[in-house]
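Written below as structure tokens is the structure these notes are about.
The values are calculated or read from the model by the stated rules, or taken from the named source; none is laboratory data. Here the structure is a predicted model, which means the values were calculated and not measured. Methodologically, a virtual Cβ is constructed for each residue, glycine included, from the backbone with ideal geometry; neighbour enumeration extends over all protein chains shown. Accessible surface is based on the protein model in full, side chains and every heavy atom, while ligands, DNA and RNA are left aside. Shrake-Rupley method; radii C 1.70, N 1.55, O 1.52, S 1.80 Å.
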Amino acid sequence: MNIIVLMKSTFDTEEKIIISDGHIDDSEADYIINPYDEYAIEEAILLGDEHGGEVTVVTVGSEEREKELRTALAMGVDKAVLIDNEEVEATDQFTTATILAAYLKDQEFDIILGGNVAVDGGTGQVGPRVAELLNIPQVTTITNLRVDGTKATVVRDVEGDEETVEVSFPLLVTAQQGLNEPRYPSLPGVMKAKKKPLETLDLDDLDLEEEEVEAKTKTVEIFLPPQKQAGKILEGEMHEQVQELITLLKSEKKVI
Ligand SMILES: Cc1cc2nc3c(=O)[nH]c(=O)nc-3n(C[C@H](O)[C@H](O)[C@H](O)COP(=O)(O)OP(=O)(O)OC[C@H]3O[C@@H](n4cnc5c(N)ncnc54)[C@H](O)[C@@H]3O)c2cc1C
């Protein structure tokens with residue numbers, strides 16, 4: 001089987017968001033593999049182990065993203081591809097999906113796995129857009145995947161309920177929490193990863209012009225949520241607290 005994983009690097013989930021000059025300042029930020037993409041990587045490795053074949057992880061981003069690709073290689077992925085998009089000034093989900101589809105259309109694959117959503121950008125658009133551009137079936141938010149010959153049986157999470165879908169290859173799925181338990185890279189895995197192939201491509205290699213991938217959307221404003229005020233703790237006997245609460249609801253909040 002030829003298995004491809006779409007991997008995005010995201011801010012470390014512990015990272016504090018700093019906005020400066022209307023942009024998110026990521027100069028000091030640590031990046032990690034998008035947590036949903038860890039499920040996609042784990043599932044791809046398990047599929048490769050069970051059915052044979054090669055697992056390739058692909059990311060669109062700057063050259064610094066090599067670090068997270070090496071982590072994926074250390075987990076057990078066979079090879080990595082970095083598509084450098086630094087020359088594109090304005091990027092959005094259209095940009096990323098168009099670049100990925102331009103690469104994938106010339107690759108042989110049975111299944112493409114991505115994350116359900118990126119924990120930073122968070123639109124959940126890239127996977128479905130790629131499937132549409134490649135004109136292949138897609139199943140999103142999957143929690144179980146069984147492969148039988150040229151078809152797969154997939155369980156997807158539908159807002160807490162489950163839906164079981166049968167689908168033929170080639171196909172694209174996006175991973176939901178609960179699909180598996182992603183492994184940590186082992187020390188031998190880290191050593192092996194240094195020697196595994198990591199190919200870097202740019203728009204020229206994909207016969208793409210910058211104008212063809214420029215963002216279709218424009219971010220008008222980015223702002224942090226307003227800081228929450230500290231809550232008020234009422235004290236005293238219960239009847240005193242009730243009396244104070246009523247007074248506050250009348251005088252301060254004016255809701256009664
Ligand atoms: C204001 C703003 C400025 C931005 N500037 C830049 C910039 O200068 N350079 C830049 O690279 N990005 C930039 N981005 C980010 C970029 O446009 C989006 O993050 C990206 O298109 C993915 O969209 P998403 O985060 O909504 O991913 P989602 O659609 O939520 O991601 C779902 C899944 O799609 C796949 N996927 C998503 N992104 C990638 C990727 N890059 N490579 C491989 N697979 C992927 C993963 O499997 C992921 O789990 C910017 C975003 C904003 C809002």
Whole-number D in µm²/s for the chain (Stokes-Einstein; Kirkwood sum over Cα pairs; 20 °C, 1.002 mPa s): 105 µm²/s
Give, as a single signed number, the net charge of other residues whose beta carbon lies under 12 Å from the beta carbon of residue 164, with Lys and Arg counted +1 and Asp and Glu -1. -3
May I ask you to list, by number, the DSSP H helices of the chain whose Cα span along the axis is at least 15 Å and whose average Kyte-Doolittle hydropathy reaches 0.0 or more? 93-104
Checked the range 75-133 with the C-alpha gyration tensor, a ≥ b ≥ c its square-rooted eigenvalues, rounded below a/c of 1.5, otherwise prolate if a/b is larger than b/c and oblate if not; verdict rounded
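With contacts defined as alpha carbon pairs under 8 Å and 6 or more residues apart, what's the relative contact order of the chain in percent?
This gives 23 percent for the chain.
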So what's the net charge close to residue 123: Lys and Arg +1, Asp and Glu -1, counting the other residues with Cβ under 13 Å from its Cβ? +1
Surrounding net charge for residue 185, when Lys and Arg each add one and Asp and Glu each subtract one, Cβ distance under 10 Å: +3
Global size of the range 1-83 as Cα Rg and Dmax, reported in angstrom: 14.4, 50
How much of the DSSP beta bridge set in the range 2-213 is antiparallel, as a percent to the nearest 5? 40 percent
Take the range 92-239, compute every pairwise Cα distance, and split them into 5 Å bins from 0; I just need the percent in each bin. 2, 7, 12, 14, 14, 15, 12, 9, 4, 3, 3, 2, 2, 1, 0
Centre separation in Å (Cα based) which lies between the range 238-256 and the range 138-203: 54 Å
Tell me, rounded to the nearest percent, the portion of alpha carbon pairs in the range 1-153 spaced more than 21 Å apart. 44 percent
GNM on the chain, Cα springs under 10 Å; top mean-square fluctuation among 136, 233, 32 goes to 233
Output ³J(HN,Hα) for the range 163-175: one whole-Hz value per residue in order, computed from phi by the Karplus curve 6.51 cos²θ - 1.76 cosθ + 1.60 with θ = phi - 60°, and x for Gly and Pro. 10, 9, 10, 9, 8, 9, 7, x, 8, 10, 10, 10, 8
In the range 100-243, what percent of the accessible surface is made up of carbon and sulfur (1.4 Å probe, ligands and nucleic acids excluded)? 48 percent
